[in-house]
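Some notes on the structure that comes next.
The values are calculated or read from the model by the stated rules, or taken from the named source; none is laboratory data. Source: prediction; values computed, not measured. With ideal geometry, Cβ positions are generated from the backbone for all residues, glycine too; neighbour counts draw on all protein chains shown. Ligands, DNA and RNA are stripped out before the accessible areas are found, and what is left, the full protein with its side chains, is counted by its heavy atoms. Shrake-Rupley method; radii C 1.70, N 1.55, O 1.52, S 1.80 Å.
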Amino acid sequence: MRSAQFKKKIQWRWKLKVGRIFGIDIYLDFSWFLALIFFGFVFQRIFVQALPGISLALSWALGILAVLVLFASVLFHELSHSLVAKRYKLPIPRITLLLFGGIAHSEKEPESPGAEFKITIAGPLSSFFLAGLFFSLFRLVSNYPLHFIGLEHFLCLKQFLEVMLWVNLMLGIFNLLPGFPMDGGRLLRAILWKTTRSFSKATKWAAGVGQFFGALVFVFGVLNIFVFKSFGGFWLVFIGLLIILGARASYKQVSKTNPN
Ligand SMILES: [Zn+2]
């Protein structure tokens, strides 16, 4: 009890409620602030390289704007899951935005493989929808140069739309990786659930595939660091570990609440 209370206190301390949409509380995890700095820096570098001669202030303004649009995109992705979940009478009390994306919290698991499939596919589809939207805006702006905003601002706008198109495309693809509890792993579980007709068996297998996949990413990351001397490998090691731990934790939670 004491440790549960302590845990709750810690959780509250590290989460900041920023709003409420469709009856869902939106929280920022403390890791979000790390992401703000990290991605802000990454985006700023992208704009500096893509737009030679851009002023430092403008590159940072674009970098920060890109981070805010990234998080709006992640929120849109999570809200899409949540709204479909609500249609299946699964209450989503809150969404938390973290370093690597978001979590739409649900206290229950979906009641059928069909429901799980539709709730899950809504997320990646919403990211691909946003990618399509940014692509259309990019094409529109490319075809009709906006002379009145000046050449520099026009190039910035075009570059910004292109970056956001890629960000949403990557979000959709990254989430489709087959590591449970990511969207790809959940889709795999829905298919296994439908074919085996056993929720716990499907979870076990999907979690197994998730761990195997996480291990592959991890090993590939280690190879990158030691064989190819690439620092990008550290990211893969980190992501691989997250996938392995996520798959283990989700499986444990499911097997506790659904013994059959
Ligand atoms: Zn998702």
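Is it true that some residue in the range 169-180 is over 30 Å from Leu245 (Cα atoms) and open to solvent by 50 Å² or more (accessible area, probe 1.4 Å)? Checking the range 169-180: not a single residue is over 30 Å from Leu245 (Cα atoms) and open to solvent by 50 Å² or more (accessible area, probe 1.4 Å).
Screening Gly150 against (1) surrounded by fewer than 21 Cβ atoms within 10 Å (Cβ to Cβ); (2) at pLDDT 85 or above; (3) among the small types (Gly, Ala, Ser) leaves a single unmet condition, (2). Contact map, the range 235-260: first residue more than 17 Å from Val209 (Cα to Cα), second residue at pLDDT below 85 and open to solvent by 40 Å² or more (accessible area, probe 1.4 Å), Cβ cut-off under 8 Å, separation 6 or more or different chains; pairs are Thr257/Glu109; Asn258/Glu109. When the range 92-128 is filtered for residues that are open to solvent by 60 Å² or more (accessible area, probe 1.4 Å), in contact (Cβ under 8 Å) with a residue 60 or more places away in the chain and in a strand (DSSP E or B), only Arg94 remains. Here is the figure for the range 218-237: residues that are outside any helix (DSSP H, G or I) and within 23 Å of His77 (Cα to Cα) total 0.
In the range 146-200, of all residues being touching a residue at least 12 places away in the same chain (Cβ under 8 Å), among the polar types (S, T, N, Q) and assigned to a helix (DSSP H, G or I), the one that is nearest to the ligand (Cβ to nearest atom) corresponds to Asn175. Of the residues making up the range 228-255, just one is more than 19 Å from the chain's Cα centre (by Cα), open to solvent by less than 100 Å² (accessible area, probe 1.4 Å) and modelled with pLDDT of 80 or more, namely Gly233.
Answer with yes or no whether Ala215 is surrounded by fewer than 18 Cβ atoms within 10 Å (Cβ to Cβ), away from the ligand (no atom under 14 Å from the Cβ) and assigned to a helix (DSSP H, G or I).
Numbers: surrounded by fewer than 18 Cβ atoms within 10 Å (Cβ to Cβ): yes; away from the ligand (no atom under 14 Å from the Cβ): yes; assigned to a helix (DSSP H, G or I): yes.
Yes.
Scanning the range 201-210 for residues that are within 20 Å of the chain's Cα centre (by Cα) and more than 16 Å from the ligand (Cβ to nearest atom) turns up Ala207, Val209.
Of all the residues that make up the range 46-74, how many are assigned to a helix (DSSP H, G or I) and touching a Leu at 6+ places or on another chain (Cβ under 7 Å)? Before you say what the answer is, go through the steps one by one.
Initial filter on the range 46-74 (assigned to a helix (DSSP H, G or I)): 46-50, 56-74.
Next cut, touching a Leu at 6+ places or on another chain (Cβ under 7 Å) only: 47, 67, 71, 73-74.
Number of matching residues: 5.
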